[in-house]
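A.B. asks: Quick one: the structure is below, and I'll ask about it shortly.
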Amino acid sequence: MILEVDRLTTRYGALTALHAVSLHVAVGELVALVGPNGAGKTTLLSSVVGLLRPANGSVRFEGTDVTGADPAANVARGLALVPERRRIFKDLSVAENLRLAGATVPKSQRKARMEEMGELFPVLRTKWDVSAGYLSGGQAQQLAVARALMCEPKLLLLDEPCLGLAPTMVDVIFELLDQLRAQGRTILVVEQQAQRVLSVADRGYVLRTGEIVAEGSGPELAGRSDLFDTYVGGS
Ligand code: ATP
């Protein structure tokens, strides 16, 4: 198991945002975490990478206890988070964004890594020297994912990659998920489009008010209309 989250509890002052949440991700899996607004999805990802310190429970990455570990150390271990609202450097070009993201990659490998990103994201290759601020929302999201991939993470965490995107770009992001999965990458994705993401995921978890209320194979959960009427509010 690459990621094991065991009875994780995280609080913001008096508010308990996660109540003893347990989940796991195996190597090569695409796992979806869905749930309504405020369910605690972002809190969970932040707790996993060390941006938030859990009050209780543990996070193990490749068998090592990384609960509350320094986020930079977690990146070095191979745990990469693409946060909500895609953080990229808007004043830098696409190529500079990638180069910077790969700053810790040995120079001899950096160029090959960038070429690989150009193949995976052909639209970015056509905009290599363009300031990232000029990219569309979907292109910016692709750049944010490419930045994370520059360090060849062992586990990629994606927080709402489709947020605010036009429907055609949402299709592009779903194709990308498919492609990354076909490459054998390991992904935990949080997504508002619950039924759609579950239908392409190996497994899924439904989170509501800080608790896991359902888990199972992605397609099986996607077919549970009871869950979506009550918990997630549609697809
Ligand atoms: P969304 O889909 O809206 O991003 P989410 O499932 O990611 O929602 P979280 O953002 O993790 O949910 O929020 C979980 C709970 O914690 C919510 O009640 C939210 O109001 C609260 N919360 C989140 N961040 C903070 C914070 N920095 N300080 C205090 N409370 C917070």
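The values are calculated or read from the model by the stated rules, or taken from the named source; none is laboratory data. Treat the numbers as computed from the prediction; the structure is a model and nothing was measured. Don't worry about glycine lacking a Cβ; one is built from the backbone with ideal geometry, like all the others, and counts go over all protein chains shown.
A.B. asks: If you go through segment 76-106 one residue at a time, how many are more than 16 Å from the ligand (Cβ to nearest atom), among the acidic types (Asp, Glu) and part of a loop (DSSP other than H, G, I, E, B)?
C.D. replies: Count: 1.
A.B. asks: Still on this structure, I have one more. Scan (1) surrounded by fewer than 17 Cβ atoms within 10 Å (Cβ to Cβ); (2) within 9 Å of the ligand (Cβ to nearest atom); (3) charged (D, E, K, R) for the single condition Asp65 breaks and write down its number.
C.D. replies: (2)
A.B. asks: Additional query: Out of all the residues in segment 171-192, which are within 16 Å of the ligand (Cβ to nearest atom) and modelled with pLDDT of 90 or more?
C.D. replies: Leu188, Val189, Val190, Glu191
A.B. asks: Let me ask another. Given the structure, is Arg7 over 29 Å from Gln183 (Cβ atoms) and either in contact with a Leu (Cβ under 6 Å, 6 or more places away or on another chain) or away from the ligand (no atom under 16 Å from the Cβ) (or both)?
C.D. replies: Answer is yes for this residue.
A.B. asks: Hey, another quick one. Name the residues in segment 139-161 that are polar (S, T, N, Q) and touching a residue at least 40 places away in the same chain (Cβ under 8 Å), would you?
C.D. replies: Gln141
A.B. asks: Scan segment 72-115 residue by residue and report those that are exposed (fewer than 15 other Cβ atoms within 10 Å of the Cβ) and either in contact with a strand residue (DSSP E or B) (Cβ under 6 Å, 6 or more places away or on another chain) or not basic (Lys, Arg) (or both).
C.D. replies: Result: Ala72, Ala73, Ala76, Asp91, Leu100, Ala103, Thr104, Pro106, Ser108, Gln109, Ala112, Glu115.
A.B. asks: Can you pull out the residues in segment 1-36 that are within 13 Å of Thr209 (Cβ to Cβ), touching a residue at least 60 places away in the same chain (Cβ under 8 Å) and of a type outside the set (Val, Ile, Thr)?
C.D. replies: Listed by number, the residues that qualify are Ala17, Leu18, His19, Ala20, Gly35, Pro36.
A.B. asks: Further question on the same structure: Name the residues in segment 145-163 that are within 16 Å of the ligand (Cβ to nearest atom) and closer than 9 Å to Arg86 by Cβ, would you?
C.D. replies: Selection gives Pro161, Leu163.
A.B. asks: Another question, if that's okay. Determine which single condition Cys162 fails, assuming it passes every other condition in (1) buried (at least 21 other Cβ atoms within 10 Å of the Cβ); (2) under 23 Å from His24 (Cβ atoms).
C.D. replies: (2)
A.B. asks: Could you grab me the full set of residues in segment 193-205 that are within 16 Å of the ligand (Cβ to nearest atom) and out of contact with any Leu (no Cβ under 6 Å at 6 or more places or on another chain)?
C.D. replies: The answer is Gln193, Ala194, Gln195, Arg196, Val197.
A.B. asks: Can I ask one more? Which condition does Tyr205 not pass, out of (1) buried (at least 19 other Cβ atoms within 10 Å of the Cβ); (2) over 17 Å from Ala39 (Cα atoms), if it passes all the others?
C.D. replies: (2)
A.B. asks: Look at Glu84 and say whether it is acidic (Asp, Glu) and at pLDDT 90 or above.
C.D. replies: no
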